[in-house]
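Here's the structure, in structure tokens; my notes come after.
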Amino acid sequence: MRFFVISNFRILLSLLLFLSFTIPNFSQEPEKTEQPLPIAKQEEAAKETSSWFNDPNDKFSKVFEHRLMFRIGVGIGNLSPAVLNETGPAWSKDSILRNIVDPDSPPSFPYKEAKSLAVQTQAWDISYGWKNRFEIQSARNSSLGKYGKEEPASTNFFTPRTDLYWASAFEGNRLLRFDGISDHLRFSYIHPFTSRFRIGPSVNFHRYTEQDTSSYGSYSTSRPGAPVPDKATWSVGGNVESNFSMKGILPGIYLKFKITEWWEIRSRLEYLDRKGDFSAIGSQVLQESVSGGPGTYSISVPAYGGKVSDKGTIFMFESSFRYCRFSLDIGMIRQDITRSYSMYVGDTIGTVSTNDYLLRFPNIDLGQMSHHSKQTLTEVYIMPGASFFYDSDGIY
């Protein structure tokens, strides 16, 4: 019995000694707490969490290294052409000057000017951008209008009665076709003033061609005192092709305002100053009738050329909507131009007396050289496009 008690006591003592060594070790062991990750690792983890493939726009919202964009579009416009706006004042001055030199030549005055005309527009451009700051753009804009007799595309004249001619009214110039093409090579730098607003200078190496097809009209009736009395002369047909070729360097200001990740506003204002040459040549079919007898037909040939210049502004405003690499741009372009001629020479050659149908001053067209005419073009367009990017992530 005593041995059993002593044995139990030894077992209990041994257990107490074991616990005295083991329990403090557990109580002194510090708790393990999770330490925050470094900031760089947090950003990497965030990138992994919000993968580009979760939102297709995330990838294209970054500041790109290189971008190549293609766009093509169409539009409609409203044109007030210089080729018609110059006709009334210039031909009237010519007829007055010619009347001073030759009193037998009748003066003429415009009584109905041409109105604005509709045109259809087409455009395309290719642009390369570097880090959303530097941009190179190659672009072409064209405007085309075709007009018939129902269109208000003519300038009408009134000739008062003189000693040799009865009073008459006639259509002096009718525009049948307008085709203007602008080629641009632009270099732009857009400085980021804020995260959403950028503005900077641009320079445009610009080339412009214009082709106009016109019909020249006239009507006159001689009085009994004329060398050939009671003779009616009028134009029944014929076209004159006018070709303009100009170029210039256009400085400008370009701005971008990013409203959201998918919506951007762009605007550009350029100062237009282009110079070049022009030529006009064609045929005019005339019919003459004396005292109501059968008419005879003849052909006259207008041929003119010289130096021409355009000055003014080109203003562009554009709203761009983007999804991934694709974009849809809706915009407006306004051209305000003043056209002038430093040289305008030529004449109309034919067998009919020019006093019977021609308003212009011979050899040197003083009326054209002393007059500045306006040309305005306002167009609204839509241009879908696609972009391709390249940076450290590769091409996408």
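The values are calculated or read from the model by the stated rules, or taken from the named source; none is laboratory data. Because the structure is a prediction, the values reported are computed rather than measured. All Cβ positions, even for glycine, are placed from backbone atoms using ideal geometry, and neighbour counts span all protein chains on display. Surface accessibility is based on the protein's heavy atoms, side chains included, excluding ligands, DNA and RNA. Shrake-Rupley method; radii C 1.70, N 1.55, O 1.52, S 1.80 Å.
Residues ARG322, ARG266: which one is modelled with pLDDT under 95 and closer than 30 Å to TYR396 by Cα?
Matching residue, one of ARG322, ARG266: ARG322.
Taking the stretch 247-264, which residues are surrounded by fewer than 16 Cβ atoms within 10 Å (Cβ to Cβ) and without any contact (Cβ under 8 Å) to a residue 60 or more places away in the chain?
Matches in the stretch 247-264: LYS247, ILE249, PRO251, ILE253, THR260, TRP263.
Going through the stretch 357-374 one residue at a time, which ones are crowded, with 17+ Cβ neighbours inside 10 Å and over 18 Å from SER92 (Cβ atoms)?
Once the filter is applied, which keeps residues that are crowded, with 17+ Cβ neighbours inside 10 Å and over 18 Å from SER92 (Cβ atoms), the stretch 357-374 yields nothing.
Somewhere in the stretch 370-389, is a residue assigned to a helix (DSSP H, G or I), in contact (Cβ under 8 Å) with a residue 12 or more places away in the chain and closer than 30 Å to ASN141 by Cβ?
No.
Applying the selection to the stretch 159-188, what residues are among the hydroxyl-bearing types (Ser, Thr, Tyr) and either modelled with pLDDT under 95 or farther than 30 Å from LYS256 by Cβ (or both)?
Within the stretch 159-188, THR159, THR162, TYR165, SER168 meet the criteria.
Looking at the stretch 123-163, which of its residues are within 30 Å of HIS191 (Cβ to Cβ) and open to solvent by less than 40 Å² (accessible area, probe 1.4 Å)?
ALA123, ASP125, SER127, GLY129, ASN132, GLU135, GLN137, ALA139, ASN141
Of all residues in the stretch 276-313, how many are farther than 17 Å from LEU359 by Cβ, among the aliphatic types (A, V, I, L, M) and buried (at least 19 other Cβ atoms within 10 Å of the Cβ)?
1
Condition check: at pLDDT below 95, open to solvent by less than 70 Å² (accessible area, probe 1.4 Å) and not in a helix (DSSP H, G or I). Does PRO107 satisfy that?
Yes; evaluated as a whole, the condition is true for this residue.
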